[in-house]
Amino acid sequence: MTLTVPVIETERLILREPREEDFEALVEYSASDRLEFIGGPKSRYGAWENLLAQMGHWVLRGYGFWTIEDRESGEPVGRTGIIRHDGWREPELGWGLFNGMEGKGFATEAASAARLHAATEWGFTRLISQIHPDNGRSISVALRLGAVLEAEDKLLGEPCLIYRHPDPRENANAA
Amino acid sequence: MNAADTLTTHRLILRRPEPADFEPFCAFMMSDRTRFLGGPKSRRIAFDRLANFAGHWVMRGYGRYIVTDRATGRPLGHAGAFQHDDTIPPEMAWSLWSADDEGRGLAREAAAETLRHYRADLGWPVVCARIHRDNAGSIAIARQLGGTQVPHDEGDTLRFDIALAQRGAA
């Protein structure tokens, strides 16, 4: 069983498989307070385990998180994709930008491409995103993507807002 | 050079992790059989751990094999090397997931086959195993595999190094 991760290109970004060369950017990101709402910060070892688990998720589920690469610089700028840990209510569209990569619309651009791929290739037409209520930046991305608040719940003991995404194939057709 | 995807012994087939391994692996992780490995763990952690196994194969080209019964295909445990920390040699594991499968030398048979492969086909000089000092069964396997205890400053964890090059000369 080998890992075959599709490559997706957008105007400014490439979504490709996680690689070991992403590790240092991931360590820096994992150590920062940017993971405050998603179970962090994590140690260097925690970041390593996370990178392995991200790759292995593709093997076990057939889908997972891509590394987002800036086409211009070739640098990894963050991650997006579909994740379903054990105990997740359903597959989830997630995103996260590495340190210093905010404010350029990368998360919206990348997550939008991931969402369309998930709908057309994997049949995930109405994905959720689970977001901590204090994570205003991520909520903004969800709203820009056209997701609507569907429920409030708890996830791993923390409050969580469940946003429901529109079927991106309809948007694609309308565009 | 990548490790073989599959290894076969008299009684076992060792292969890469698959999605269907999750439930038996999870039962192991949630049991007190992981008491010397930092467990028991939740289902969620168990999933991430199996994903770790699969991801390590992708990234390093080797990793934990799932040990299966050659006759029935039933997953029995895992064995093989990881490399988290470049300051120590690749680190071995050998675990049987159910107490029912103990006492027949299956863990040792699986681990010995991976060591044979690492030496003969990959040319590795040495591996190590870090084992809780109270885990007598695992320490016994380390010694049977030629492991020698080396100084290691990590609480209740002992370290055994297993020199593979010397085995080749025998």
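Taken together, the values in this text are just the output of simple stated rules run on the coordinates, not laboratory data. Fair warning: this is a prediction, and the values are worked out from it, not measured in the lab. Positions of Cβ are generated from backbone atoms using ideal geometry, with glycine treated the same way; all protein chains shown enter the neighbour counts.
Whose amide H sits under 5 Å from the amide H of residue A:99, counting only residues 5 or more places off or on another chain, with H placed in the peptide plane?
Result for residue A:99 returns A:29.
Work through the residues other than residue B:158 whose Cβ is under 15 Å from its Cβ and net out their charges, Lys, Arg +1 and Asp, Glu -1.
Taking every Cβ under 15 Å from that of residue B:158, the sum is -2.
So what J values fall out for the range B:77-94 if you push phi through Karplus, 6.51 cos²θ - 1.76 cosθ + 1.60 with θ = phi - 60°, rounded to Hz, Gly and Pro as x?
Once θ is set to phi - 60°, the couplings for the range B:77-94 become x, 9, 7, x, 9, 10, 9, 8, 10, 5, 7, 10, x, x, 9, 8, 10, 8 Hz.
Can you give me the Cα centroid spacing of the range B:1-53 and the range A:1-59 in angstrom?
22 Å
I'd like the trypsin sites (Lys or Arg not before Pro) in the range A:83-175 restricted to DSSP loop residues with at most 15 other Cβ atoms within 10 Å, sorted by number.
Passing sites in the range A:83-175 are A:89, A:104, A:126.
Out of the DSSP beta bridges found with both residues in chain B, what percent are antiparallel (nearest 5)?
Close to 95 percent.
Local charge sum around residue A:127 (other residues, Cβ-Cβ under 9 Å, Lys/Arg +1, Asp/Glu -1)?
Local net charge: +1.
Which of rounded, prolate, oblate describes the range A:39-175, given a ≥ b ≥ c as roots of the alpha-carbon gyration tensor eigenvalues and a/c under 1.5 marking rounded, otherwise prolate only if a/b is larger than b/c?
rounded
Write down the percent of antiparallel bridges among all DSSP beta bridges whose residues are both part of the protein assembly as shown, to the nearest 5.
Close to 95 percent.
Within 10 Å of each Cβ of A:59-69, how many other protein chain Cβ atoms are there on average?
So the per-residue partner count for this stretch is 3.
Can you give me the relative contact order of the range A:8-124 as a percent, contacts being Cα pairs under 8 Å and 6 or more apart?
Averaging sequence separation for qualifying contacts and normalising by length gives 24 percent for the range A:8-124.
From the phi of every residue in the range B:29-42, what ³J(HN,Hα) in whole Hz does the Karplus formula 6.51 cos²θ - 1.76 cosθ + 1.60 yield, where θ is phi - 60° and glycine or proline is x?
Couplings: 5, 8, 8, 6, 5, 9, 5, 8, 10, x, x, x, 10, 6 Hz.
Nearest 0.05, what FRET efficiency do residue B:143 and residue B:122 give at R0 = 22 Å with Cβ-Cβ as r?
E(calc), rounded to 0.05, equals 0.40.
Give, as ranges by residue number, the residues of the range B:137-154 whose backbone N falls under 14 Å from the point 7 Å along Cα→Cβ of residue B:102.
Under 14 Å, as judged by backbone N against the label point of residue B:102, lie B:137-141 of the range B:137-154.
In whole Hz and in residue order, list the ³J(HN,Hα) couplings for the range B:128-133 that follow from phi through the Karplus curve 6.51 cos²θ - 1.76 cosθ + 1.60, θ = phi - 60°; x for Gly and Pro.
With the stated coefficients, the range B:128-133 comes to 10, 9, 9, 9, 4, 4 Hz.
Just report the Cα centroid separation between the range B:56-93 and the range B:104-170, whole Å.
Comparing the Cα centres of the range B:56-93 and the range B:104-170, I get a distance of 13 Å.
Rounded, prolate or oblate: which one fits the range B:28-142, using the alpha carbon gyration tensor with axes a ≥ b ≥ c (rounded when a/c is under 1.5, else prolate when a/b beats b/c, else oblate)?
Rounded.
Using amide H atoms built 1.01 Å from N in the peptide plane, name the residues 5+ places from residue A:124, or on other chains, whose amide H lies under 5 Å from its own.
Long-range HN contacts for residue A:124: A:119.
Under the rule a/c < 1.5 gives rounded, and otherwise a/b versus b/c splits prolate from oblate, where does the range B:89-169 land using the Cα gyration tensor?
It comes out oblate by the Cα gyration axes.
Taking the Cα centre of the protein assembly as shown as origin and charging only Cβ (+1 Lys, Arg; -1 Asp, Glu), how large is the dipole, in debye to the nearest 20?
Once rounded to the nearest 20, the dipole reads 920 debye.
Between beta-carbons, use under 13 Å as the cut-off and find the net charge around residue B:109, counting Lys and Arg +1, Asp and Glu -1.
+1
Choose one answer from A:40, A:103, A:56: the residue with the largest mean-square fluctuation in a GNM of chain A with alpha-carbon springs under 10 Å.
Comparing A:40, A:103, A:56 in the GNM, the peak value goes to A:103.
Arranged from highest to lowest average of other beta-carbon atoms within 10 Å per residue, in what order do the peptides B:27-34, A:92-99 appear?
My ranking of the peptides, most packed first, is A:92-99, B:27-34.
What is the set of long-range amide H partners of residue B:41 at a cut-off below 5 Å, with H atoms built 1.01 Å from backbone N?
The list, which skips near neighbours in sequence, is B:30, B:31.
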